[in-house]
């Protein structure tokens, strides 16, 4: 049984968990609507997950950064600058200019139902009792490592994209990159020509897109993800539903001939990987660019999971716990979606609290 020592919780209208784009957006609109709030962030400085990106992921290589609400960026960023520097710098400026009440570093350990109309947020630095909670913890701390037979016997190095720091450490090695998204293209675009060889493997044939993902197609992709979360299924990535567009990293990888895809291997062997037809390939390293899962373990005491494995949602609101909103989850798990979701969550929370005034 989970037990957490709680003395006298700080009482607020709303707690926002996480200070990435989704959390900052939600906090901005909550305060704009006149609510008393606090933002709890586990990092020791601004920037959220961007702080941990590879130094080789420059601003020209990312999908795009959308302005946070209320404070647009001043000028275009240097395209050659690492995103791990430029984005946290913008977030830090945003925090200074908005004066949002952010407490860091603090780890949220559990969210439980408290007395009256409160949810209790237990942390490494005390507890907060809130009438509503906005969870914006993202996915970066939950890298997904799929299991394949023979993983324990593979004699080379394995790492997830979350730990990728550039091509130099793969010089002269035979590398297998697993995954069909932008992260895999980023790795391949850099290590091809540095590594002795590269192989790209995916579960499904990749879909390459020549042009931009237009508004109707984007809405259709978001609608598919929304349908999943309404049904209580684990959300599919919106980005994963869009295919590989003509980004800088995709173009670079194509020029290097690194995007010749092979089907997923059956198993790992001590010296490499093997397919169903008996074909094998030698490998010194495997990079798992296989995505991330939502970081929601601290919500486990609320027992929100549906039989399908996901959390049933209505917009940003959790159906099983209307005082809880998830942003940066499901259809809002993108930079452009996070701003809209932050405003939507704040509007619903304002209506909820207006309909149920706090006890005197």
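The values are calculated or read from the model by the stated rules, or taken from the named source; none is laboratory data. A quick note: this is a predicted structure, and the numbers were derived from the prediction, not measured. Here the Cβ positions follow ideal geometry from the backbone for every residue, glycine too, while neighbour counts run over all protein chains shown.
So residue 9 fits all but one of (1) farther than 19 Å from residue 104 by Cβ; (2) at pLDDT below 95; what number is the exception? In the conditions (1) farther than 19 Å from residue 104 by Cβ; (2) at pLDDT below 95, residue 9 misses (1) alone. If the condition is being touching a helix residue (DSSP H, G or I) at 6+ places or on another chain (Cβ under 6 Å) and at pLDDT 95 or above, then region 286-330 contributes 287, 289, 321, 325.
For every residue, the table says whether it meets (1) touching a strand residue (DSSP E or B) at 6+ places or on another chain (Cβ under 8 Å); (2) at negative phi; (3) in a loop (DSSP other than H, G, I, E, B).
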site: 105; (1), (2), (3): no, yes, yes
site: 111; (1), (2), (3): yes, yes, no
site: 127; (1), (2), (3): yes, yes, no
site: 132; (1), (2), (3): yes, yes, no
site: 137; (1), (2), (3): yes, yes, yes
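Scan region 180-197 for residues that are modelled with pLDDT of 95 or more, out of contact with any helix residue (DSSP H, G or I) (no Cβ under 6 Å at 6 or more places or on another chain) and buried (at least 22 other Cβ atoms within 10 Å of the Cβ) and the total you get is 4.
For region 66-79, a tally of residues being within 26 Å of residue 291 (Cα to Cα) and in contact with a helix residue (DSSP H, G or I) (Cβ under 6 Å, 6 or more places away or on another chain) returns 3.
Scan region 150-179 for residues that are more than 25 Å from residue 204 (Cα to Cα), buried (at least 17 other Cβ atoms within 10 Å of the Cβ) and in contact with a helix residue (DSSP H, G or I) (Cβ under 7 Å, 6 or more places away or on another chain) and the total you get is 2. Across region 74-94, a minimum of one residue is classified as in contact (Cβ under 8 Å) with a residue 60 or more places away in the chain, surrounded by 14 or more Cβ atoms within 10 Å (Cβ to Cβ) and outside any strand (DSSP E or B).
Criterion applied to 74, 54 was being at pLDDT 90 or above and more than 29 Å from residue 111 (Cβ to Cβ), and the one residue passing it is 54. Among the residues that make up region 225-237, is at least one of them modelled with pLDDT of 75 or more and not in a loop (DSSP other than H, G, I, E, B)? For region 225-237, residues modelled with pLDDT of 75 or more and not in a loop (DSSP other than H, G, I, E, B): absent. State yes or no: is residue 100 part of a loop (DSSP other than H, G, I, E, B) and closer than 30 Å to residue 131 by Cα? Spelling it out, residue 100 is indeed part of a loop (DSSP other than H, G, I, E, B) and closer than 30 Å to residue 131 by Cα.
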